[in-house]
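Notes follow the structure.
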Amino acid sequence: MIKYLLKRVLMGILALFAVSAITFFLMNLVPGGPFLSEKAPSAAVLAKLEEKYGLDKPLYVQYGNWLKDLAHGDFGVSFKMQKNRPVTTIIKEMFPVSLKVGIYAMIWAIIFGIVFGCIAAYHRGGIIDSVLRVVTTLGVVLPTFVTASILLVLFAGGVWKILPSIVGAHAKWYAYILPCFTLGLSPMCNIARYTRSSMLDALGQDYIRTAYAKGVSNRKVIFKHALRNALIPVVSYIGPMTAYILTGGFVTETVFNIPGLGRYFVQSISNRDYPIIMGTTVFLAAFVIVMTLAVDILYKFIDPRIDLAKEDE
Amino acid sequence: MSENRELLLSVKDLRVSFFTHAGEVKAVGGISYDLHRGEVMGIVGESGSGKSVEAYSIMGLLQSPGRVIGGSITLDGENVLDYNKEQLQKMRGNRISMIFQNPMTCLNPVYTVGNQIAEALTAHKNVSHADARAAVIEMLKLVGIPNPEKRMKQYPHELSGGMRQRVMIALALICEPDLLIADEPTTALDVTIQAQILELMKDVQKKTQMAIIFITHNLGVVADICDRVSVMYAGKIVETGSVADIFYRPRHPYTLGLLASMPRVDAQEYERLVPIEGTPVDMLNPPPGCAFAPRCEKCMNICIKADPPETDLGDGHIVNCWMEVPRDE
């Protein structure tokens, strides 16, 4: 187990290194720079600025310097968006906001997804199943900005004005309802669909017949015997879902004006704020890697047949 | 020997159909038999003859689109078919237990075997955790699993096929049922393991004196364990009798065919097995008359017109064949 964990952590670090290198060189290939705006500074000022932030050096030197700083836990300072503030401070400030929305979205997506999936499987072929199928298909195909717009029209303006449209820095809890719903809708529908099919698969297995033959109640058969087996494929979706919720969060954060990291990440790209691009990318990548590892470990607890130590070989 | 025993299960004219899109499939077309306490009855037949469907009907485990459409199943004087869900649940695993063909897939892979055996007990009896554990260990010992304290904490994938079938038997017997239905319990196992499981079942039957319905397509297995045998073909019992009746005095052409198609230890070296020609009837559109008629070498005019009645040859040897019906003219 420890050997497995060590191996995974090492592989994660390698992956992060690759992500950072690709991002760094791609970022620099994109035309433009952090100090260009409508009022272009004079050539002399530009040269001075570039010298100050080390942008005049060759790319590989810049990357080497970035790595050296990173080794000291330093992501550098923002060039433009929050001039000269350390990127780590910015992430520390903004990530909790994203995380809060993301966790609520994930909780509702997982709970409702599994419940709806079970209900649909239990009523297979019935009206409830059909309704859920239409709803979940819609939920998967609707882009976030469309869902968000529809919700805003319905609940924050046009039809009923009962929920705020903007979250802001000091929002009350109910301000999070719309963004969390928006962000979690697509994962929820995906989980519901996965749960339905894996639940149907599980309910058709021989051990379900054995459980019935033992005289176990219907409810216990479904929630003890079928659900735990059905959850195995669902859990594997949670890893990618985390990535989706974190990187997909920028649309939701933009629409609802949430001061989160997702939105900032996208803005930093259009602003060519290099240290923020690098910082947020590597940070989010690390987060996804950790979540994937957590899911793989979670597997072991759900399915005893999975032997993590054996996967070393 | 069965006459002086108490009647346990009585199946009367049981009919089961599957209502598929293609039409009604009469999987079981009216079968009747009595089973006494402590009796071991074999039901033999080829795939699709309705032997498993019949067993599932007793357990109330028929799955849609299958439905019992007629007859009665009487257990200790009560018609099981009138039971509601709750009564069925109380009966399953408690008064009647069942073991299945494939022990590799019949145990839930995510729970320990001890947990799954204990569940069969706690579903019916209010026992403490410690008592359940003790009962599980005792059952595992009974079915010949060494080191039960360790084994009960293992998951099914850590056990071999034979071990798992032993676990299934332990699971089925922990509530001391009156009747065990064994649906091809040895078919998926290696021959040597088959023999061990059969020995175990005989042994356990002697100890507990429960009745067993042993469903199989293997006549050799039947000879080993059963008191009485029913041969099924196309959803009907074509011949019933003691093991000696079926093996030494078979009367129905299908039974004769089954016996002829079996390999024998005392056979001449290059003697060929004799297959039964033809294919089983189409259960969607069964022809009138005897279902075996199209494959029967001794088919007569009447066979393709009307179903043969039961003929009692004495001592419980009953055969459904026109050849055994005395002519009136």
Item checked: Residue list for region B:174-194, filter: outside any loop (DSSP other than H, G, I, E, B) and open to solvent by less than 50 Å² (accessible area, probe 1.4 Å) -> B:179, B:180, B:181, B:182, B:183, B:193, B:194
Check: Among (1) part of a helix (DSSP H, G or I); (2) open to solvent by 30 Å² or more (accessible area, probe 1.4 Å); (3) touching a residue at least 24 places away in the same chain (Cβ under 8 Å); (4) more than 14 Å from every other protein chain (Cβ to nearest Cβ), where does residue A:263 come up short?
Finding: (3)
Item checked: Count of region A:38-79 residues which are open to solvent by 70 Å² or more (accessible area, probe 1.4 Å) and of a type outside the set (A, V, I, L, M) -> 10
Margin query: Against the definition (out of contact with any strand residue (DSSP E or B) (no Cβ under 6 Å at 6 or more places or on another chain), under 28 Å from residue B:155 (Cα atoms), modelled with pLDDT of 90 or more and away from chain B (no Cβ under 14 Å)), how does residue A:197 come out, yes or no?
Written below: yes
Checklist line | Matching option when the condition is crowded, with 19+ Cβ neighbours inside 10 Å, farther than 17 Å from residue B:182 by Cβ, of a type in the set (A, V, I, L, M, F, W, C) and modelled with pLDDT of 90 or more, among B:73, B:69 | finding: B:73
Check: When residue B:75 is evaluated against the numbered criteria (1) free of Cβ contacts under 8 Å to residues at least 60 places away in the same chain; (2) closer than 21 Å to residue B:6 by Cβ; (3) more than 10 Å from every other protein chain (Cβ to nearest Cβ), which criterion, by number, is the only one it fails?
Finding: (1)
Next item on the list: Show the residue pairs that are 6+ apart or on different chains and have beta-carbon atoms under 7 Å apart, the first residue being within region B:144-172 and more than 14 Å from every other protein chain (Cβ to nearest Cβ) and small (Gly, Ala, Ser), the second being surrounded by fewer than 24 Cβ atoms within 10 Å (Cβ to Cβ) and assigned to a helix (DSSP H, G or I).
Entry: B:144/B:200; B:162/B:193; B:162/B:196
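Residue check: is residue A:231 within 13 Å of chain B (Cβ to nearest Cβ), in contact (Cβ under 8 Å) with a residue 12 or more places away in the chain and crowded, with 20+ Cβ neighbours inside 10 Å?
Working: within 13 Å of chain B (Cβ to nearest Cβ): yes; in contact (Cβ under 8 Å) with a residue 12 or more places away in the chain: yes; crowded, with 20+ Cβ neighbours inside 10 Å: yes.
Yes, satisfied.
Can we say residue A:251 is out of contact with any Lys or Arg (no Cβ under 9 Å at 6 or more places or on another chain) and either surrounded by fewer than 20 Cβ atoms within 10 Å (Cβ to Cβ) or away from chain B (no Cβ under 14 Å) (or both)? If you could, list the steps in order and put the result at the bottom.
Details: out of contact with any Lys or Arg (no Cβ under 9 Å at 6 or more places or on another chain): no; either surrounded by fewer than 20 Cβ atoms within 10 Å (Cβ to Cβ) or away from chain B (no Cβ under 14 Å) (or both): yes.
No, not satisfied.
Any residue at all in region B:36-47 that is within 14 Å of another protein chain (Cβ to nearest Cβ) and either in contact with a strand residue (DSSP E or B) (Cβ under 8 Å, 6 or more places away or on another chain) or more than 22 Å from residue A:206 (Cβ to Cβ) (or both)? Walk me through how you get there before you give the answer.
Of all residues in region B:36-47, those within 14 Å of another protein chain (Cβ to nearest Cβ) come to none.
Within region B:36-47, not a single residue is within 14 Å of another protein chain (Cβ to nearest Cβ) and either in contact with a strand residue (DSSP E or B) (Cβ under 8 Å, 6 or more places away or on another chain) or more than 22 Å from residue A:206 (Cβ to Cβ) (or both).
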Check: Of all the residues that make up region B:195-210, how many are open to solvent by 30 Å² or more (accessible area, probe 1.4 Å) and part of a helix (DSSP H, G or I)?
Finding: 8
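Could you say which residue among B:186, B:122 is of a type outside the set (Gly, Ala, Ser) and modelled with pLDDT under 90?
Details: B:122 fails: modelled with pLDDT under 90.
Only one candidate passes the filter, namely B:186.
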Next item on the list: Determine which member of the set B:80, B:44 is open to solvent by less than 10 Å² (accessible area, probe 1.4 Å) and free of Cβ contacts under 8 Å to residues at least 24 places away in the same chain.
Entry: B:80
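Out of B:168, B:139, report the one residue that is of a type in the set (A, V, I, L, M, F, W, C) and in contact with a strand residue (DSSP E or B) (Cβ under 6 Å, 6 or more places away or on another chain).
Working: B:139 fails: in contact with a strand residue (DSSP E or B) (Cβ under 6 Å, 6 or more places away or on another chain).
The match here is B:168.
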Margin query: Among the residues that make up region A:159-179, is at least one of them touching a residue at least 60 places away in the same chain (Cβ under 8 Å) and of a type in the set (Val, Ile, Thr)?
Written below: yes
Next item on the list: Would you mind stating whether residue A:209 is surrounded by fewer than 18 Cβ atoms within 10 Å (Cβ to Cβ), within 14 Å of another protein chain (Cβ to nearest Cβ) and either out of contact with any strand residue (DSSP E or B) (no Cβ under 8 Å at 6 or more places or on another chain) or of a type in the set (Val, Ile, Thr) (or both)?
Entry: no
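Could you run through region B:299-326 and say how many residues are of a type in the set (D, E, K, R) and not in a loop (DSSP other than H, G, I, E, B)?
Summing the residues that are of a type in the set (D, E, K, R) and not in a loop (DSSP other than H, G, I, E, B) in region B:299-326 gives 2.
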Check: Among all residue pairs at least 6 apart or on different chains, which show Cβ distances below 6 Å where the first residue, located in region B:103-128, is within 12 Å of residue B:159 (Cβ to Cβ) and touching a residue at least 40 places away in the same chain (Cβ under 8 Å) and the second is charged (D, E, K, R) and open to solvent by less than 10 Å² (accessible area, probe 1.4 Å)?
Finding: none
Next item on the list: Identify the single condition in (1) surrounded by fewer than 23 Cβ atoms within 10 Å (Cβ to Cβ); (2) part of a helix (DSSP H, G or I) that residue B:222 does not satisfy, given that it satisfies every other one.
Entry: (1)
Note to self: Let me confirm something: among B:251, B:272, which residue is touching a residue at least 60 places away in the same chain (Cβ under 8 Å) and either exposed (fewer than 12 other Cβ atoms within 10 Å of the Cβ) or of a type in the set (Lys, Arg) (or both)?
What the structure shows: B:251
Check: For residues in region B:78-104 being facing chain A (nearest Cβ under 8 Å) and not in a strand (DSSP E or B), which is farthest from residue B:190 (Cα to Cα)?
Finding: B:85
Checklist line | Residue tally, condition over 13 Å from residue B:233 (Cα atoms) and either open to solvent by less than 50 Å² (accessible area, probe 1.4 Å) or in a helix (DSSP H, G or I) (or both), over region B:257-269 | finding: 4
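The values are calculated or read from the model by the stated rules, or taken from the named source; none is laboratory data. Bear in mind that the values here come from a model prediction, so they are computed numbers and not experimental data. Cβ atoms come from the backbone with ideal geometry, glycine included; neighbour counts cover every protein chain shown. When the accessible area is computed, the model is the full protein with side chains, heavy atoms only, and any ligands, DNA or RNA have been set aside. Shrake-Rupley method; radii C 1.70, N 1.55, O 1.52, S 1.80 Å.
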